[in-house]
1. Do we have any residue at all in the stretch 121-131 that's of a type in the set (A, V, I, L, M), in contact with a Phe, Trp or Tyr (Cβ under 8 Å, 6 or more places away or on another chain) and either farther than 25 Å from K61 by Cα or assigned to a helix (DSSP H, G or I) (or both)?
2. Filter the stretch 77-93 down to residues that are in a helix (DSSP H, G or I) and surrounded by fewer than 17 Cβ atoms within 10 Å (Cβ to Cβ), then give me how many there are.
3. Here is a list of conditions, (1) buried (at least 18 other Cβ atoms within 10 Å of the Cβ); (2) closer than 30 Å to N171 by Cα; (3) out of contact with any Phe, Trp or Tyr (no Cβ under 9 Å at 6 or more places or on another chain), and I22 meets all of them except one; can you say which number that is?
4. Restricting the search to the stretch 137-170, which residues are part of a helix (DSSP H, G or I), within 29 Å of Y116 (Cα to Cα) and open to solvent by 30 Å² or more (accessible area, probe 1.4 Å)?
5. Please state which of the following conditions L192 fails to meet, knowing it meets all the rest: (1) within 30 Å of A25 (Cβ to Cβ); (2) in contact with a Phe, Trp or Tyr (Cβ under 7 Å, 6 or more places away or on another chain).
6. Out of the residues in the stretch 173-188 that are assigned to a helix (DSSP H, G or I) and out of contact with any helix residue (DSSP H, G or I) (no Cβ under 6 Å at 6 or more places or on another chain), state the one that is farthest from G108 (Cα to Cα).
7. Given the condition loosely packed, with under 14 Cβ neighbours inside 10 Å and aliphatic (A, V, I, L, M), answer yes or no: does some residue in the stretch 102-124 qualify?
8. Scanning for something of a type in the set (G, A, S), under 21 Å from the mean Cα position of the chain (by Cα) and modelled with pLDDT of 80 or more, does the stretch 63-79 turn up at least one residue?
Amino acid sequence: MNHEIQELTKQQLKSQETKGKIFRAAKHILQKKGYEQLSIKNICEEAGVSNGSFYHHFKTKDDLLSYYIEEQPSINPDLLETPANPEEAKQAIIYVYLNYVHYCQNLGIEFMANYYTPKNQSLNPLIWSDRPYPIVTVSEYLRKAIHAGVVSPSVELDDITTDIRMIVIGNVFEWCLKNGETDFEGNMKRSLEIYLDGLF
């Protein structure tokens, strides 16, 4: 039995290693050559893996791109417990996105500029998987807060989710557009604070 567990762990490790290799190859292509050159053929060549191996781990190229979200530093779940008051809810939401800002900065402008394209379907909320997108985390958190009566926004939750997503995309785009010569963190914090202050 123990032998089986060890084998499974070895298999899981190998699987994680292959996924990581594929992701790093895609990241490298995105940074150096842009989205247009991000074909499955090019990714497999760069990663040194077969097409079959790619499809074992990812359904599509955009499915692979959404994998980058899983690499984010995870947020302490205690922080996302039901808030005690509206101010606490605002601070938690802003914290989630400042965490995202730091992650974008770690990935670099070239990656983010090529990631945020209308061609990247992993950004489309209609096809989101169960991956831990920041907006999904925030949406669930707000759902809890609304249900508990802590916040009572005058706007539907789906609309709030869309608004926040647009604010975040705008901030990422501005940061990329100005080649990092902007207060990414300060802008994200300010624009979210203004929006949330008007919301509840």
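1. yes
2. Within the stretch 77-93, residues that are in a helix (DSSP H, G or I) and surrounded by fewer than 17 Cβ atoms within 10 Å (Cβ to Cβ) number 6.
3. (3)
4. Result: T137, E140, R143, D158, D159, T162, D163, R165, M166, I167, I169, G170.
5. Exception for L192: condition (1).
6. G186
7. Looking for residues that are loosely packed, with under 14 Cβ neighbours inside 10 Å and aliphatic (A, V, I, L, M), one finds none in the stretch 102-124, hence no.
8. no
The values are calculated or read from the model by the stated rules, or taken from the named source; none is laboratory data. Predicted model only: the values in this text are computed from it and were never measured. Here the Cβ is made from the backbone with ideal geometry for all residues, glycine too, and neighbour counts use every protein chain on show. For accessibility, only protein heavy atoms count, side chains too; no ligands or nucleic acids. Shrake-Rupley method; radii C 1.70, N 1.55, O 1.52, S 1.80 Å.
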